[in-house]
Amino acid sequence: MTSEVPLPAPAPPPPGSSDARRIEFLDDRVVAEWAAAKAPLIDLLRRAWTPGRLTGFRRGGRDAVLVADPRHVHEVLGTGGDRFVKSGGHRARPLIGDGMISATGERWRTQRKVLQAPFTGRGIQRWEHHIEGAARVVADRWAARARTGEPADLAEDAQFFTVDTIWRSLTDHPLDAETYEDLAGVQDIVAALPADVGGGQGLPAPAAEALAALDERMHRAIADARSRHRTDAAGAGLLFRLFDAAETDPRYDDRLVRDELVTLLVAGYESSARTLTWVFVLLDRHPEVARRAAENPALIEGVVAETLRLYPSGWLLPRQTAADETLDGVPVPAGTDLLVCPYLTHRDPQVWPDPEAFVPERFPAEEPLPPGAYLPFGIGPRACLGTRFAMREMDVLLGALLPRFAIESTAPAGDPVFGLNLRPAGPFHAVVRERR
Ligand code: HEM
């Protein structure tokens with residue numbers, strides 16, 4: 001965990017140092033001190049950050065380069081094609097197996113194609129009633145709590161909502177309490193996964209138990225949906241799309257269906273839940289913004305976009321050079337970790353004046369942003385499959401809550417934790433009250 005200190009204004013490139021013609025490496029002693037302090041990776045990346053430059057460091061026998069400048073981000077994720085790849089040993093592999101997020105090459109291409117259509121603008125209209133149903137559950141909870149004035153954990157509400165929407169969309173079933181418990185165990189597994197690349201692949205015992213409970217639930221859900229698929233193949237659940245794929249592609253055996261289901265579940269609820277929690281935290285800190293958004297729901301989109309700028313749940317998007325490459329004309333040897341860091345890119349003072357300030361009115365941007373400058377959902381071919389789904393579900397929930405309720409925290413939100421995802425530590429206790 002790291003305390004949230006405003007980032008120091010990054011140093012300008014040293015005078016006379018030409019643009020970034022070579023990678024500047026951090027002194028090994030700086031890295032050794034960081035490692036000895038068992039500090040989080042973000043602390044080292046902050047040390048490495050000089051806008052416009054590529055800075056490298058060596059840790060654990062691996063060379064890494066921080067990629068935070070929009071131009072470099074755009075090249076690595078956007079235009080770089082197959083030159084910069086996801087590594088085969090994805091950090092989340094113990095949980096998601098060969099699911100789409102960790103798949104590479106031709107396998108990834110086929111897997112993405114199978115699930116692309118349900119996540120287009122038109123495709124997500126099929127999930128609209130699920131999203132609205134799940135939002136009503138939370139709005140009813142808040143109305144009941146507003147009557148009693150009881151504080152509750154809003155991070156839990158955010159999580160319940162996003163698990164409910166994705167579960168309904170996957171299986172066509174609303175969420176029951178027992179299933180929720182097993183699915184929410186995913187957060188313990190995600191918390192146990194390494195933030196950095198090259199970390200251990202095993203899971204500690206409690207996370208392994210949560211994984212076993214999750215797998216048991218997944219196999220039951222798959223068996224149940226499979227029997228319904230036989231009689232009602234036109235059903236809407238996303239799982240049905242995977243069964244359809246299994247009819248023509250033998251790769252979609254029970255194992256891959258499970259991996260893809262868990263991938264959609266994890267990708268589909270973790271990031272949205274953490275983002276919604278950050279929205280609640282920021283609106284509690286900025287009641288004047290909350291009031292403006294209550295009066296003018298058109299501001300909600302800006303609130304979400306600005307929250308994603310300050311707290312992009314995918315704060316680190318690692319890639320690797322498969323062969324000797326160049327990046328912005330600079331040689332980068334094969335096997336180098338390229339640590340794309342949207343968290344730092346989103347705080348680049350050359351793009352975002354007063355970068356630490358929460359200013360939803362920055363969005364929609366008046367001038368087009370430089371390519372690679374804003375990427376809460378990633379960019380390029382591996383960008384988030386669920387962007388539209390996520391934006392829609394957050395918009396529907398916040399549209400139901402913000403005009404009606406005010407939030408007041410009863411304990412401060414925890415510091416940001418830079419794990420696999422960027423989340424606030426611990427719960428976020430608050431009371432809610434009706435505005436009228
Ligand atoms: C606020 C919510 C969300 C955020 C901030 C977010 C962010 C991201 C980011 C940054 C990536 C790219 C990772 C990389 O380049 O290494 C990604 C990939 C992905 N996301 Fe999301 N996501 C969100 C919600 C969702 C939802 C709701 C779903 C599905 C229902 C989803 C499914 C996926 C999948 C399947 C991928 C992998 C795509 C691929 O590799 O081709 N995400 N997401």
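Looking at THR179, THR162, can you tell me which residue is closer than 22 Å to PHE405 by Cβ and within 24 Å of the chain's Cα centre (by Cα)? Show your work before the answer.
Working: THR179 fails: closer than 22 Å to PHE405 by Cβ.
Of THR179, THR162, the one residue that is closer than 22 Å to PHE405 by Cβ and within 24 Å of the chain's Cα centre (by Cα) is THR162.
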> THR336 fails exactly one of the following numbered conditions: (1) away from the ligand (no atom under 16 Å from the Cβ); (2) farther than 17 Å from LEU77 by Cα. What is the number of that condition?
Replying inline: (2)
> Inside region 310-333, can you point out the residues that are in contact (Cβ under 8 Å) with a residue 60 or more places away in the chain, among the acidic types (Asp, Glu) and either within 9 Å of the ligand (Cβ to nearest atom) or out of contact with any His (no Cβ under 9 Å at 6 or more places or on another chain) (or both)?
Replying inline: GLU325
>> I'd like to know if region 340-355 contains one or more residues that are within 16 Å of the ligand (Cβ to nearest atom), farther than 20 Å from SER313 by Cβ and not polar (S, T, N, Q).
In response: no
> Can you pull out the residues in region 45-78 that are within 21 Å of ALA322 (Cβ to Cβ) and among the aliphatic types (A, V, I, L, M)?
Replying inline: LEU54, ALA64, VAL65, LEU66, VAL67, VAL73, VAL76, LEU77
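Mind checking which residues of region 252-270 are surrounded by fewer than 18 Cβ atoms within 10 Å (Cβ to Cβ) and not in a helix (DSSP H, G or I)?
ASP253
Can you find, within region 74-108, the residue that is farthest from the ligand (Cβ to nearest atom) among those that are on the phi > 0 side of the Ramachandran plot and modelled with pLDDT of 90 or more?
Of the residues in region 74-108, the ones on the phi > 0 side of the Ramachandran plot are 81, 97, 105.
From what's left, modelled with pLDDT of 90 or more: 97, 105.
Working: GLY97: 13, GLY105: 12 Å.
The extreme case among them is GLY97.
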>> Show the residue pairs meeting these rules: Cβ distance below 7 Å; 6+ apart or different chains; first residue within region 144-172 and over 17 Å from LEU276 (Cβ atoms); second residue basic (Lys, Arg) and surrounded by 22 or more Cβ atoms within 10 Å (Cβ to Cβ).
In response: none
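Scan region 142-153 for residues that are outside any helix (DSSP H, G or I) and either within 16 Å of the ligand (Cβ to nearest atom) or among the small types (Gly, Ala, Ser) (or both) and report the count. Quick ask: steps written out before the conclusion?
Initially, region 142-153 is screened for residues outside any helix (DSSP H, G or I), giving 149-153.
If we keep only those that are either within 16 Å of the ligand (Cβ to nearest atom) or among the small types (Gly, Ala, Ser) (or both) too, we end up with 149, 152.
The total comes to 2.
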> Within the bounds of region 365-386, is there any residue that is within 14 Å of the ligand (Cβ to nearest atom) and among the charged types (D, E, K, R)?
Replying inline: yes
>> Out of LEU398, LEU375, LEU385, I need the residue that is over 18 Å from the mean Cα position of the chain (by Cα) and in contact (Cβ under 8 Å) with a residue 12 or more places away in the chain. Which one?
In response: LEU398
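Looking at region 287-309 only, could you name the residues that are among the aliphatic types (A, V, I, L, M) and within 16 Å of the ligand (Cβ to nearest atom)? Break it down into steps so the answer makes sense when it comes.
Step one: list which residues in region 287-309 are among the aliphatic types (A, V, I, L, M), which gives 289-290, 293-294, 298-300, 303-305, 308.
Within region 287-309, ILE300, VAL303, VAL304, ALA305, LEU308 qualify.
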>> Out of the residues in region 20-51 meeting the condition of being touching a Ser or Thr at 6+ places or on another chain (Cβ under 7 Å) and in a helix (DSSP H, G or I), tell me which one is farthest from GLY419 (Cα to Cα).
In response: ALA48
>> Just to check your reading of the model, which residue among GLU247, GLU288, GLU270 is acidic (Asp, Glu) and at pLDDT 95 or above?
In response: GLU288
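Examine region 343-350 for a residue that is farther than 30 Å from ARG168 by Cα, of a type outside the set (Phe, Trp, Tyr), without any contact (Cβ under 8 Å) to a residue 40 or more places away in the chain and crowded, with 19+ Cβ neighbours inside 10 Å, and state whether such a residue exists.
Yes: one or more hits.
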> Name the pairs: first residue in region 289-309 and among the polar types (S, T, N, Q), second residue assigned to a helix (DSSP H, G or I), Cβ to Cβ under 7 Å, at least 6 apart or on different chains?
Replying inline: THR307/THR275; THR307/TRP278; THR307/VAL279; THR307/LEU282
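Scan region 117-125 and tell me whether some residue there is closer than 22 Å to TYR180 by Cα, surrounded by 20 or more Cβ atoms within 10 Å (Cβ to Cβ) and either touching a His at 6+ places or on another chain (Cβ under 9 Å) or not acidic (Asp, Glu) (or both).
Initially, region 117-125 is screened for residues closer than 22 Å to TYR180 by Cα, giving none.
Checked region 117-125: no residue is closer than 22 Å to TYR180 by Cα, surrounded by 20 or more Cβ atoms within 10 Å (Cβ to Cβ) and either touching a His at 6+ places or on another chain (Cβ under 9 Å) or not acidic (Asp, Glu) (or both).
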> Within the set of pairs 6 or more residues apart or between chains, which connect a residue that is more than 7 Å from the ligand (Cβ to nearest atom) inside region 267-278 to a residue that is among the basic types (Lys, Arg) with Cβ atoms less than 6 Å apart?
Replying inline: ARG274/ARG423
> Name the residues in region 120-141 that are within 11 Å of the ligand (Cβ to nearest atom) and either in contact with a Cys (Cβ under 9 Å, 6 or more places away or on another chain) or β-branched (Val, Ile, Thr) (or both), would you?
Replying inline: ILE124, ILE131
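The values are calculated or read from the model by the stated rules, or taken from the named source; none is laboratory data. What you see is a predicted model, and the numbers here were worked out from it, not measured in a lab. Cβ atoms come from the backbone with ideal geometry, glycine included; neighbour counts cover every protein chain shown.
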